[in-house]
Amino acid sequence: MALLFSAVTVTAGEDEIELLVGGIQREYDDLEGWSEFDDLMCFISEETEVSVRAEAYLYGEGESMRASPEEIDDLMQRMKDDTGFLNRCCSNLESVNFTFIWSPEELFDMPFGQMLM
């Protein structure tokens, strides 16, 4: 079994995060549910263009499966223990870039201040 995952950089204004997620991210919905991403989006209080760069990788051989959150944790630990792990042990499949407009008012259909009440 081969694990399919992506190293993702999300930039929103002055904020930027890097994270690993299962699968290949091609749109907002693919990132939704990953806690680091959701945490970043939660703190954006005004309409903002968000840029995403995802490098998709495959680890292992055989049929590919989207890496689970637990497998992502294991991959992150391997990368922490061995800085060359990603380049030496994983196959880079493709790069994906996309942007979307994050608008809390449209998302919740109310001004941001009312969301906090």
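See the values below:
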{"quantity": "Pairs with Cβ under 7 Å, 6+ apart, first in segment 42-55 and surrounded by fewer than 16 Cβ atoms within 10 Å (Cβ to Cβ), second in a strand (DSSP E or B) and polar (S, T, N, Q)", "calculated": "GLU49/THR99; SER51/THR11; SER51/THR99"}
{"quantity": "Residue within segment 83-96 that is closer than 26 Å to PHE43 by Cβ and either in contact with a helix residue (DSSP H, G or I) (Cβ under 6 Å, 6 or more places away or on another chain) or of a type in the set (A, V, I, L, M) (or both) present", "calculated": "yes"}
{"quantity": "Candidates ILE44, ILE17 - the one that is assigned to a strand (DSSP E or B) and touching a helix residue (DSSP H, G or I) at 6+ places or on another chain (Cβ under 7 Å)", "calculated": "ILE17"}
{"quantity": "Selected residue (criterion: modelled with the lowest pLDDT) from residues of segment 96-107 that are open to solvent by less than 60 Å² (accessible area, probe 1.4 Å) and part of a strand (DSSP E or B)", "calculated": "TRP102"}
{"quantity": "Odd one out for SER6, checked against (1) outside any loop (DSSP other than H, G, I, E, B); (2) over 17 Å from SER91 (Cβ atoms)", "calculated": "(2)"}
{"quantity": "Enumeration of residues in segment 71-91 that are out of contact with any Gly (no Cβ under 8 Å at 6 or more places or on another chain), open to solvent by less than 80 Å² (accessible area, probe 1.4 Å) and either more than 17 Å from MET1 (Cβ to Cβ) or in contact (Cβ under 8 Å) with a residue 12 or more places away in the chain (or both)", "calculated": "LEU75, MET76, MET79, ASP82, GLY84, PHE85, LEU86, CYS89, CYS90, SER91"}
{"quantity": "Positions within segment 1-27 being open to solvent by less than 40 Å² (accessible area, probe 1.4 Å), under 17 Å from THR99 (Cβ atoms) and not hydroxyl-bearing (Ser, Thr, Tyr), in sequence order", "calculated": "VAL8, VAL10, ALA12, ILE17, ILE24, GLN25"}
{"quantity": "Qualifying residue in segment 28-37 (condition: surrounded by 13 or more Cβ atoms within 10 Å (Cβ to Cβ) and without any contact (Cβ under 8 Å) to a residue 12 or more places away in the chain)", "calculated": "yes"}
{"quantity": "Residue, modelled with the highest pLDDT, within segment 108-117, restricted to residues that are in a helix (DSSP H, G or I) and open to solvent by 60 Å² or more (accessible area, probe 1.4 Å)", "calculated": "PHE108"}
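Yes or no, residue by residue, for (1) at pLDDT below 95; (2) touching a Lys or Arg at 6+ places or on another chain (Cβ under 9 Å); (3) aliphatic (A, V, I, L, M):
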{"site": "SER6", "(1), (2), (3)": "no, no, no"}
{"site": "LEU20", "(1), (2), (3)": "no, no, yes"}
{"site": "GLN25", "(1), (2), (3)": "yes, no, no"}
{"site": "GLU46", "(1), (2), (3)": "yes, no, no"}
{"site": "ALA67", "(1), (2), (3)": "no, no, yes"}
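The values are calculated or read from the model by the stated rules, or taken from the named source; none is laboratory data. Predicted model, so just to flag it, every value in this text is computed and none were measured. Cβ coordinates were reconstructed from backbone atoms using ideal geometry, including for glycine residues, and neighbour counts include every protein chain displayed. When the accessible area is computed, the model is the full protein with side chains, heavy atoms only, and any ligands, DNA or RNA have been set aside. Shrake-Rupley method; radii C 1.70, N 1.55, O 1.52, S 1.80 Å.
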